[in-house]
Every structure is written in C-alpha cells, then in structure tokens.
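Structure first, commentary second.
FYI, it's all coordinate maths here, none of it is from the lab. Note that the structure is predicted; figures quoted are calculated from it, not measured. We place every Cβ from the backbone using ideal geometry, glycine too, and count neighbours over all the protein chains shown.
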Amino acid sequence: MPPDDPLHAPPPPEPRAEPPALFTVRGLTKGYAGRKVLDGLDFEILRGECFVILGRSGSGKSVTLRQLNGLDKPDAGSVVFDGTDITGLEERDLYPLRRRVAMLFQGGALFDSMTVFDNVAFPLREHTGLSEAEIAAKVQEKLGLVHLPEAAPKMPSDLSGGMRKRAALARSLALDPEVLLYDEPTTGLDPITSAAIGKLIRQIHRHLDVTQVVITHDLDLAQHVGDRLAYLSEGHFRFLGDWAAAKRSSDPELGDMLSGREWEKEDDHASSAQP
Amino acid sequence: MRARNFVTRTGEIALLSGRAFAAMAARPLETRLWFAQMEQLGVRSLGVAGIATTFTGMVLALQTAYSLPSLGVKYYIGSVVAKSLVRELGPVLTALIVGGRIGSGMTAEIGTMTVTEQIDAMRSMAVDPVKKLVAPKLAAVLVMLPALTVIGCGLGILGGLLVAVFQLHVQASVYLNNIVQNLTLADVVSCVGKSFVFAYIIAIIGCYNGLHTEGGADGVGRATTDTVVTLAITIMISDYFLTRLFILVVS
C-alpha cells in the first residue's frame, strides 16, 4: 500500500441528520495479472441500508465485496469500517470485524463434510460459549428464519441449489451480524427460487437490524432489495444513487442494463446479418 | 502453479510451517480433530505401509542370500535386513507410500475446499483454516508416520525372518542374534528422526498445495499430482542429506 494516497481523505465530519457511513471506501484499486479490475472506487455504505452493486459478469463486483471484510487486500486505497481502517490489518486482526460482518458466498460454500446443522452451529461453537442445547435452539431459530427447519440433519450435497443458499444464509446469520455481504445470491437459480431468495433478503432487512451489501447482475433482485444502487463497469462506478436517479440517468450502458434492451440489439444483429 | 516462483513458494511454505506449528500449540487444543486425523491418516495407512515393508524385508533376505552365496553370508542376513530397513528403506518407503496416499488426500480435500470457497467462508467467519485444517493434519502425521515406520520396520524384519527360516534354512536364533548384535541405538534414532522430517514435509506440502489450488476440478487434479511428484522428489533428496547429517552426528 502506498503510504499516502491522495484520494484518502480523512473521514468527513458527521452530517447532522443523515445516518453515518458504516463503510467508507476511498480510491480502491485492485489489479490482477496487469489488468486493473478496480480503478479508484469511492463510495460509502450507510448504516442500515441495502446497497446494491450491479455489474456485468467479470466487472469486479466480487473483488469489491471481498475488500469489505478483508478477504482480499487492495493494491491501493482504503476501506474504513466503523472508524477503523482495515486495509493494513493482519488476518488475525480482522477477526473482530468478521464476527460483525458475515458473508454469503456464491455457491453457498457450506462445509460439505458436515450436516446443515453442524454448518450453522460451526460459528457458534467457535465463537460463543453456548451449551449444545442453546446452540441447537439457535440453529433451529436461524433455519426457521430461512424457511429450512427440516434440513438440519441433511448433508449439503443432498440439498438443491436454492436450499443450499438458504442454509448458507442461516449460517451467516448465526452470530447475529451487523452487516451481511451477499455475493451473487441468485446466480444459478431459477426465477422463482431467485424471487424467494430476494424476498428473504428483504425480510431479513425488515426484521433484523442489519446493513446489507448485495452484488449481482440480476436486475430484478437489485430492484426489489436495493435502497441505493451502484453500477460498476470497467473499474469505475458509472452510476451511484437511488432508483429514481438511476431511471433518469443518461448513461447508455446503465440504460441498456435497466431496460433489457440488449435482447433487442442481438435480434437486430441477427436480422441485419440476413441478406 | 508450476510457474510460481520457487523462491516465493519456499518462503510461503516456511510461513505456513510457522503458522501451523504456532496453531498446534495455541489454545484451545483441538485434540478431537487431531485424533480424527490420526485415525484417518495413520491407522488407515497401516495396511499398505505394512505390506510394502514386509515384502521388502523378504526380498532383502532373498537377495542377500543369493547374490553373495559363497561368503557364508547366510549368517549375516539378519543384520543386512535390519540395518537396511531401519536406516534407509523403512523410513523412505513408508514416507513415499504413506505420503502418496495421505499427501494427495490432503491436497484434494483442502484444494476442493479452496476452489468452492469453503476456506474463504471459514476465514469470513473469523476462523483460521490453518488452525482448523492444517495443524491437526500436521500433528497427526508427526505422530503417526514415525509409528508406522517403526511398525513397518518390525514387520519387514519379521518378513526377512520367515524367508530366512523357511526358505534359506537359517535358524531363527541366528537371524535374531545377528540383529541384536549389530543394530545400534543410533540406527533407530536415525530411523525415527528421518520419519519425523518426512512427516513434516508430507503434511506441509500436502496442505500448502491445497490452500493454493486455483481453478475448478482440474485445478484440484493438477494440485494433487503436483503434491505426489513434489513429495517423492523432496523425500528422496532430503533423505540423502539427512543420512549425511546422521553420519556426521554419530561419528
């Protein structure tokens, strides 16, 4: 990390009424194999909101998300979580943060050697002094939240894709996190299951006091769960704001994404290719 | 992975070793995981390691008797078998066979967890994969490989005894006496010492390659192959230097 990033501004003074930023990201830059995936991202995530990062496949959404809990380190820039700059922290020093910030992985990332019950119990056994009876109660509560109360004794390999994601979500909720990071929560699911996952994200938002960050290329999901939207393309946010502003935006690529016009374009190509 | 700079890899392996040994000692001790790994890695390797060393002992007895028939060498079969096994073949063969079996298994297991983001999931839950996965395997192999080696040497000597008695018509007491007179404590120490070092090599390389697996199923396949090849080479090369070291220490 360069010692002094010009983009790294000190945290701004608290505005009066607005909810304070939980994450403040400045000048986030990350490259792989000579290609800059993220090129100086600046954004804030406010306490209690659901922030959606929309982008096409390979646009660097996952990379951005993984900076927020320190799974990856940026090449330059900083991520400040709740007043602490986490960019220079050692793995071990990130653990307190990670107990407050849970992540739902794209494929669920359930431990496939354990039952669903043991998966959800895993963070509880690691981090709380709860007795097995208390853990069992908590696991059932979390599985109830994601509408999977009967799945506890099953192995992850016996679950469908949607169930696996819900079980993984229950595991992410186990420690009652303040922040939930979702990595492509609907990828690989059919539209009905996707909608169910989307509703679940909304329910969690309504009933639990959490800040949520969702990265996705699923427009339906983004529209249904997001309070604010950022559109990531070529390492920059081409748009950042609420939905009303997104619909008014003159950015052509975002316009295409929001309107689904890409389908028509492809048809045009196909028809114009015909003599 | 092959293209990874050799120096970088060596450095990372050294770092992983440090973290794994520290995690082994750190509280709370994950003894339940250790015993599970000992069972899986050690006890289940007993059959294959035992068969290999038993037949090696039998072959050694035969070769000794038939390649040097004129020298009355029959009476030295015991010490030839025991010395070769205890000083060289026991530790090396056991490490190669057990290493191939459990080193590749470790890489496949951890590698699959890496490519399916289970390792990242563990990190995201503030749990150290080195403590949870690497340290128990390292502890298990450090205990079980020397044990398997000693058992293997015993079985090999027994195999040699059977061949000596039933095929070469050497008295069992001659065979055993010859061993007792010639086998030294230094031989046994070198045997166990070598297998400790091999155990460390197997566990660290197996886990390191697993944690650095990239890509999907083919990545796991490549990493597993890499582990088997690297282990075989590293064990053979380090055996030479360990032998020199022990000779230096003893003399």
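Let me make sure I get this right: for region B:141-251, a, b and c are the square roots of the gyration tensor eigenvalues over alpha carbons, sorted descending. Under 1.5 in a/c it's rounded, otherwise prolate if a/b > b/c, else oblate. Which is it? It comes out prolate by the Cα gyration axes.
Here the mean projected area of the convex hull built on the C-alpha positions of the protein assembly as shown is 34.9 nm². If both residues of a DSSP beta bridge must be in the protein assembly as shown, then about 55% of such bridges are antiparallel. When the square roots of the Cα gyration tensor eigenvalues are ordered a ≥ b ≥ c, the ratio a/c for region A:89-220 is 1.5 or more and a/b does not exceed b/c, which makes its shape oblate.
Considering only A:182, A:111, A:239, and ranking their Cα positions along the charge dipole of the protein assembly as shown that arises from unit charges at the beta-carbon of Lys, Arg, Asp and Glu, the one farthest toward the positive end is A:111. Largest first, the three principal axis extents of the alpha carbons in region A:49-108 are 32, 26, 23 Å in whole numbers.
To two decimal places, what compactness ratio does region A:90-164 give when its Cα radius of gyration is scaled by 2.2 N^0.38 Å? Normalised Cα radius of gyration, region A:90-164: 1.16. Counted over region B:172-224 with a bin width of 10 Å, the fraction of Cα pairs per bin, in whole percents, is 21, 24, 20, 16, 13, 6. What you get for chain B, charging only the Cβ of Lys and Arg (+1) and of Asp and Glu (-1), is a dipole of about 300 debye around the Cα centre. Given a Förster distance of 60 angstrom, what is the FRET efficiency for residue A:35 paired with residue B:48, based on the Cβ-Cβ distance and rounded to 0.05? Using R0 = 60 Å, I get an efficiency of 0.80.
Go ahead and collect, in residue order, the members of region A:47-74 whose backbone nitrogen is under 11 Å from a label point 7 Å along the Cα-Cβ direction of residue A:195. From region A:47-74, the list is empty. Kirkwood radius, region A:144-261, all distinct C-alpha pairs, inverse of mean reciprocal distance: 15.6 Å. Principal axis extents of the Cα atoms in region A:201-245, from largest to smallest and rounded to whole angstrom, are 35, 20, 18. Assuming charge only on the beta carbon of Lys and Arg (+1) and of Asp and Glu (-1), the dipole of the protein assembly as shown about its Cα centre is about 1940 debye to the nearest 20. Among the DSSP helices (H) of chain B, those spanning at least 27 angstrom by Cα along their long axis with an average Kyte-Doolittle hydropathy of -1.0 or more are B:6-25, B:46-67, B:135-166, B:185-211, B:217-250; this is a geometric and hydropathy rule only.
Pull up the cross-link candidates among the lysines for residue A:73, meaning alpha carbon to alpha carbon under 27 Å and not fewer than 8 places away within one chain. Cross-link targets: A:30, A:36, A:61, A:165, B:131, B:132. A simple spin-label model places the labels of residue B:26 and residue A:100 2.1 nm from each other, with each point 7 Å out along Cα-to-Cβ. Other residues within the sphere of radius under 14 Å centred on the Cβ of residue B:41, judged by their own Cβ, net out at +1 (K and R +1, D and E -1).
Panel note: the C-alpha atoms of region B:1-88, placed on their principal axes, show extents of 59, 37, 21 Å (largest first). In whole Å, what is the distance between the alpha-carbon centres of region B:201-241 and region A:20-44? Result: 35 Å between the Cα centres. Once you have a ≥ b ≥ c as the square roots of the Cα gyration tensor eigenvalues for chain A, tell me rounded if a/c is under 1.5, and otherwise prolate or oblate according to whether a/b is larger than b/c. Oblate is the answer for chain A, as a/c is 1.5 or above yet b/c matches or exceeds a/b.
Annotation: amide H-H contacts under 5 Å for residue A:37 (H modelled 1.01 Å from N, sequence separation of 5 or more, or interchain): A:30, A:31, A:32. Each residue of region A:9-156 gets 166 Å³ once the volume of the Cα convex hull is shared out per residue. Residue separation of residue B:236 and residue B:36 scaled by 0.36 nm, minus their Cα-Cα distance, works out to 69.1 nm of gained length.
Note on residue B:217 and residue B:166: the model spin-label points, each 7 Å out from Cα along the C-beta direction, lie 4.5 nm apart.
What the Cα atoms of chain B give is an Rg and a Dmax of 20.5, 70 Å. Working note: 222 nm ellipticity from helices only, DSSP H runs with n ≥ 4, each -39,500 (n - 2.57), summed and divided by the residues of the protein assembly as shown, gives -18000 deg cm²/dmol to the nearest 500. Values of log10 I(q)/I(0) for region B:80-160 across q = 0.13, 0.14, 0.26 Å⁻¹ run -0.54, -0.59, -1.16, by the Debye formula with one identical scatterer at each alpha carbon and no solvent. Annotation: lysines with alpha-carbon distance below 17 angstrom to residue B:194 (same-chain offsets under eight excluded): B:83. Modelled this way, with points 7 Å down the Cα-to-C-beta line, the labels at residue A:227 and residue B:66 are 8.4 nm from one another. For chain A, the share of DSSP beta bridges that are antiparallel, to the nearest 5, is 55%.
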